[in-house]
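A short worksheet on the structure shown next.
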Amino acid sequence: VADTFIAMGQAHLKKGELDDALHSYKRALDVQLEVLEDDNIEVGLTLHTLGKIHRLKGDTEAAETILVQAEEAYKKALCRFHNQQCIQELVDKVNNDRNNLFCIVKGY
């Protein structure tokens, strides 16, 4: 079910429908949190996307909060799973998104 909401969210993103994309990804996250552990990489990926959507909408505070949650989810997954290089790359991407967000907020 979460995959369906993610697919809908991706379609909305492609059309620039940020509010609808945000709603779909939030629904996907709700489903994921009901059936998956919080250290599942899928939870991190969904949080990461939600953070990016908030950034696109100009809500930097929500973006930062959610990107921190995504980073934590990736770090938990890093401890649990064997493909650490892949997960470390995701952590690095979140850090890059957070740094870009900081520059936007500070006006750099």
Response to the item:
Taking region 43-64 and keeping residues of a type in the set (Gly, Ala, Ser) and open to solvent by 40 Å² or more (accessible area, probe 1.4 Å) leaves 58
Fill in: All positions within region 1-22 that are polar (S, T, N, Q) and over 13 Å from residue 49 (Cα atoms)
4
Fill in: Boolean, residue 65 is over 11 Å from the mean Cα position of the chain (by Cα) and modelled with pLDDT of 75 or more
no
Discussion item. Only one of 2, 11 is over 18 Å from residue 63 (Cβ atoms), touching a Lys or Arg at 6+ places or on another chain (Cβ under 9 Å), free of Cβ contacts under 8 Å to residues at least 60 places away in the same chain and among the aliphatic types (A, V, I, L, M). Can you tell me which?
Written reply: 2
Item to complete: Keeping to region 7-29, report how many residues are of a type in the set (A, V, I, L, M) and open to solvent by less than 30 Å² (accessible area, probe 1.4 Å).
Response: 4
Fill in: Condition met for residue 101 (at pLDDT below 75, closer than 23 Å to residue 36 by Cβ and either of a type in the set (Gly, Ala, Ser) or surrounded by 15 or more Cβ atoms within 10 Å (Cβ to Cβ) (or both))
no
Item to complete: Would you point out the residue of region 68-98, among those that are of a type in the set (Lys, Arg) and modelled with pLDDT under 75, that is least open to solvent (accessible area, probe 1.4 Å)?
Response: 98
Worksheet item: Can you tell me which residues in region 20-45 are at pLDDT below 95 and within 10 Å of the chain's Cα centre (by Cα)?
Response: 42, 43, 44, 45
Worksheet item: Given (1) among the charged types (D, E, K, R); (2) part of a loop (DSSP other than H, G, I, E, B); (3) within 17 Å of residue 94 (Cα to Cα), where does residue 52 come up short, assuming only one miss?
Response: (2)
Worksheet item: Do the conditions hold for residue 32, that is, is it free of Cβ contacts under 8 Å to residues at least 40 places away in the same chain and either open to solvent by 70 Å² or more (accessible area, probe 1.4 Å) or of a type in the set (Asp, Glu) (or both)?
Response: no
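The values are calculated or read from the model by the stated rules, or taken from the named source; none is laboratory data. Just so you know, these numbers come straight off a predicted model, no measurement behind them. Virtual Cβ from ideal backbone geometry, glycine too; neighbours counted across all protein chains shown. Quick note on the areas: whole protein, heavy atoms, side chains included, nothing else; ligands and nucleic acids left out. Shrake-Rupley method; radii C 1.70, N 1.55, O 1.52, S 1.80 Å.
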